[in-house]
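What follows is a single structure, written as structure tokens, with notes after it.
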Number of protein chains: 2
Amino acid sequence: MGGKKEAKEMTQVLESPGSKEPTSRDESVMRGFSKLSKEEKIDLILSKFLEQESDQKELLKSFWHKNEKLQKTLDEFSENTLSNFVLPFGVAPNIVINGENYCVPMVIEESSVVAAASKAAKFWMERGGFKAEILSTKKVGQVHLHFSGEPKELKKLFNQYKSHLFKVVAPLTSNMEERGGGLTSLSLKDLTHKEEGYFQLWAEFETCDAMGANFINSVLEALGKELNILVAKDLKMEREEDFEVIMAILSNYTPECLVKAWVDCPVEQLADKSLGMSPEHFAKKFSKSVRIAEMDVNRATTHNKGIMNGIDSVILATGNDFRAVEACAHTYAARSGEYKSLTHCRVENGHFHFEIEIPLSLGTVGGLTALHPLAKMSLELLGNPSAKELMAIVAVTGLAQNFAAVRSLTTTGIQKGHMKMHLMNILNHLETNEEEREKARIHFEDEVISFSAVSEFVKNLRSYQ
Amino acid sequence: MGGKKEAKEMTQVLESPGSKEPTSRDESVMRGFSKLSKEEKIDLILSKFLEQESDQKELLKSFWHKNEKLQKTLDEFSENTLSNFVLPFGVAPNIVINGENYCVPMVIEESSVVAAASKAAKFWMERGGFKAEILSTKKVGQVHLHFSGEPKELKKLFNQYKSHLFKVVAPLTSNMEERGGGLTSLSLKDLTHKEEGYFQLWAEFETCDAMGANFINSVLEALGKELNILVAKDLKMEREEDFEVIMAILSNYTPECLVKAWVDCPVEQLADKSLGMSPEHFAKKFSKSVRIAEMDVNRATTHNKGIMNGIDSVILATGNDFRAVEACAHTYAARSGEYKSLTHCRVENGHFHFEIEIPLSLGTVGGLTALHPLAKMSLELLGNPSAKELMAIVAVTGLAQNFAAVRSLTTTGIQKGHMKMHLMNILNHLETNEEEREKARIHFEDEVISFSAVSEFVKNLRSYQ
């Protein structure tokens, strides 16, 4: 618990000889931590929580970028930064979308994901590629209000000042309007049937190629402040707290910022030696698997998790926010009242059709897109796409990922490919040489791979040398 | 679309003079890509998709770790790896859980998240700290079956061979059993009311300190294979496809791998100058905000997204799989049929209580936990916790994050802190010097921050020099 016990005590003795025995909790309290320099933070933490003999400081520093200015930029993305955490930055080539060929950057620590997306991309490249269509791009924000007066009074006030509210935020929205977006709609929702005195100012936005979080939040907070003024001026309130802006913030649930992507082909074109079954049988088995993810919540979660493997890896690579994308996608998956698959499959009249419909609120300008050098490169690699084009690319990567996963599951099983990668990781961990790796690769071709089995095998190999 | 048009054509001319005009799609097809070396992959991609004059190759290489062996390990986590994508690796100090003080590693690219968690940690450290309790640790797997015979025959077969099935997978489970886990339960679910011929072999597991995905999937695939043999041997099937294992895979939805974490104190102890209101008013406003996230789906998504900011940052730092954690958490949030907040707040008899209940399937051994040097260090920093202890730490970080976010939203508004960080990022982008940054900081103390406003301000500063 809480790190290195003995060393902590020792530090204590060294630092404050003669001081009274500290409580276990106080001893690790670090005051003014955020004000320390990066090196001071590292030194303090290592002395308190890690073994002193270790070379952990060198390890942390070894991940710093040698360009100090660039490293400073990276450090300032967040707070209390000690180093850079690294994740593999790879690519899935040959993803054909609406006739264009993309090499899609993917950032993911899980094995097999990039390989699976690449495999699905190649398979569908030879069958017409992926298609994608943007269905809508509306963003949403809410100012949550408490008003304990007569609902009709607040409604009257809102209607009276609606155009005034647009004007009040014009200095904030003018730039976005020049780019074709802005605050597009304002309405007042009476939700007093859900909670006493609860109203919402519901705002809709177009944010062009920006994800728009800061823009939307700034506009909403300005609207909230103005409402406070208008209500105080026009409505007679008995107590100050009879009207209150509870909070003003964008919604990450954007079901109308929606993209659809799909693949289709005649069933017989699904034929592929590696399936180990007829294309008809495969189409039936595949579509049944997707149907199971539409009716079984335990399967649906895992099925969608696989989709998000593909999606998040592009989200990360392009400097977008994967928590926002995850929250929105899963809420959307649950919108019917049952949590279901985000992909759907139909086999009709000898034709195979597999699609995804997913809300994605993304940006290709603003945020980290230009500040993170590798996010910037990812976007360049994709031809500096618009936000809409990126929505298509991300949705397709999710669909490709899901196709590969369900194909594996319904044919060879998912462990075959996955365990091969797992074997590599275990062999790295055991610090094997090339010869040992090759022997292990051959041995475990048809054997069950586990850490203990592999280390046993390597141990045996070594004992005979 | 799809990258650099002119340069692509130029490459084409240089590479295959006299060849016939390629179609737009063929021209970027890369065959045998995965077989190329890392440098060959980079050269090929840069030549096809990026401007040739740029120094992108140097940029990619500048992120490689100088220790080649370590870099090779990182490369082999995934496929087609070109470089390391970096995310800020920081810490939130002073997170007190059940009386122990933790310095929690967080990996996140979003500004304000680490600062918010740290602030909430300090606030609650002075009010008794966080409490956490593990409610259960059950993992789940499914073998999805199609059987078009008499349901009772399959049930009879399952009951007859149930203990045999445990024995069949004993070589796979013995190691886990030694550590106190294993395959704990097997049952057959008749789901023919949902889909013709649809059954599930439902398996439950304990996986100790491992997340257990590979273990569970290996056991499930072995169970599926054995079922195939047993059915073929004992049941008379007219056609081969009358019994089929559709797929065998763990479920990422683990509602019984559950942790609860909370804070509580007398309402008057919430007093804090920075609230700008009485502790009673704050408690009321705070709990109302949480209640809104329990009844409004648009708010719930955003509210939970904030929780996941905290959670995923620890998940990433400790080498766990954030897609699995996200999928499970959001499915759990939707389990009632309505998507709701994962945190809950009550103010009763002058007492404030705020809690999170969230399923978290985590590992502190296996996977990347020992292979990724910084994940390993994160776990060391946390005192090499058990999986249960990590569940508590992660849940608490999510709760701390949510407390800070809702506190900001209901007091100063979220933009104040967020925009300060945003300003820093914009100033970095504009390559400002220290003096310009300081002037901008003062100017934008009470001004709305947008990219255009800041660049205008900096432009003006510079024109007067």
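Just a few scattered comments:
- For the range A:41-111, GluC sites (Glu not before Pro) meeting the loop criterion (DSSP other than H, G, I, E, B) and having at most 13 other Cβ atoms within 10 Å: A:Glu51, A:Glu53.
- Diffusion constant of the range A:275-358 at 37 °C, which comes from Stokes-Einstein with the Kirkwood Cα-pair radius and 0.692 mPa s, µm²/s: 236 µm²/s
- Both chains summed, the buried accessible area for A and B stands near 13800 Å², from protein heavy atoms and a 1.4 Å probe.
- Pairs of lysine residues in the range B:139-250 that meet both criteria, 8 or more places apart or on different chains and Cα atoms under 14 Å apart, total 9.
- Once both labels are positioned 7 Å from their Cα atoms along Cα-to-Cβ, the gap between A:Asp272 and B:Glu241 label points is 1.9 nm.
- Radius 11 Å from Cβ of B:Gln142, net charge of other residues (Lys, Arg +1; Asp, Glu -1): 0
- Label-reachable residues, the range B:362-383, where backbone N falls under 20 Å from a point 7 Å from B:Asn67's Cα toward its Cβ: B:365-383
- For B:Tyr464, the point set 7 Å out from Cα toward Cβ sits 8.1 nm from its twins in the other copies, listed from shortest up.
- Kirkwood-based shape ratio for the range A:24-115, expressed as Rg/Rh from alpha carbons: 1.16
- Rounded Å value of the spacing that divides the Cα centres of the range A:107-138 and the range A:53-91: 31 Å
- Distance in nm between pseudo-label sites at B:Ser174 and B:Ala232 (7 Å out along the Cβ direction from Cα): 2.6 nm
- Bridging of B:Lys119 to aspartates and glutamates at a Cα separation below 13 Å is possible for A:Glu79, B:Asp272, once same-chain residues fewer than 8 apart are set aside.
- Working from label points 7 Å from Cα in the Cα-to-Cβ sense, the A:Glu204 to B:Glu256 distance is 4.5 nm.
- Take B:Glu268, push a point 7 Å out from Cα through the beta-carbon direction, and compare it with the same point in every other copy: 8.5 nm, smallest first.
- Accessible area per residue in Å² at 1.4 Å probe, computed on chain A: 40 Å²
- Nearest-10 value in Å² for the accessible area of A:Thr81, using the 1.4 Å probe: 10 Å²
- Distances between copies at B:Lys155, taken between label points 7 Å from Cα along the C-beta direction, are 5.6 nm in increasing order.
- Within the accessible surface of the range B:139-250, defined with a 1.4 Å probe on protein heavy atoms only, the carbon and sulfur portion equals 49 percent.
- On the basis of the beta-carbon distance and an R0 of 41 Å, B:Glu39 and A:Leu135 show a calculated FRET efficiency of 0.50.
- Three principal axis extents of the protein assembly as shown based on alpha-carbon atoms, in descending order, are 82, 76, 58 Å.
- For the segment B:57-66, counting C-beta atoms of other chains within 10 Å of every residue's C-beta and taking the mean gives 3.
- For the segment B:109-115, counting C-beta atoms of other chains within 10 Å of every residue's C-beta and taking the mean gives 6.
- Considering only Cα atoms, the convex hull volume of chain A works out to 231 Å³ per residue.
- Inter-centroid distance (Cα atoms) of the range A:290-329 relative to the range A:399-465, Å: 26 Å
- Surrounding net charge for B:Ile216, when Lys and Arg each add one and Asp and Glu each subtract one, Cβ distance under 11 Å: -2
- Ratio Rg/Rh, restricted to the range A:335-462 and using Cα atoms, in which Rh is the Kirkwood radius: 1.13
- Within the range B:199-295, the GluC sites (Glu not before Pro) that combine a DSSP coil assignment with at most 14 other C-beta atoms in a 10 angstrom radius are B:Glu238, B:Glu256.
- 10 °C / 1.306 mPa s Stokes-Einstein diffusion coefficient of the range A:139-250, Kirkwood radius on C-alpha pairs, µm²/s: 111 µm²/s
- Set of lysines with alpha-carbon distance to A:Lys38 below 17 Å, sequence-local pairs under 8 removed: A:Lys48, A:Lys57, A:Lys61, A:Lys66, A:Lys69, A:Lys72
- Number of partner chain Cβ atoms within 10 Å, mean per residue of A:38-50: 3
- Taking every protein chain into account, the 1.4 Å probe leaves A:Lys139 with about 10 Å² of accessible area, to the nearest ten.
- Isotropic mean projected area of the C-alpha convex hull, the range A:417-463 (nm²): 2.8 nm²
- Accessible surface of the range A:374-434, 1.4 Å probe, proportion on carbon and sulfur as whole %: 50 percent
- Protection proxy ranking of A:283-289, B:296-302 - average other beta-carbon atoms within 10 Å, highest first: B:296-302, A:283-289
The values are calculated or read from the model by the stated rules, or taken from the named source; none is laboratory data. Worth saying up front: this structure is predicted, and the values here are computed from it rather than measured. Note: ideal-geometry Cβ built from the backbone for every residue, glycine included; neighbour counts use all protein chains shown. For the accessible areas, the whole protein counts, side chains as well, though only heavy atoms, and no ligand, DNA or RNA atoms are used. Shrake-Rupley method; radii C 1.70, N 1.55, O 1.52, S 1.80 Å.
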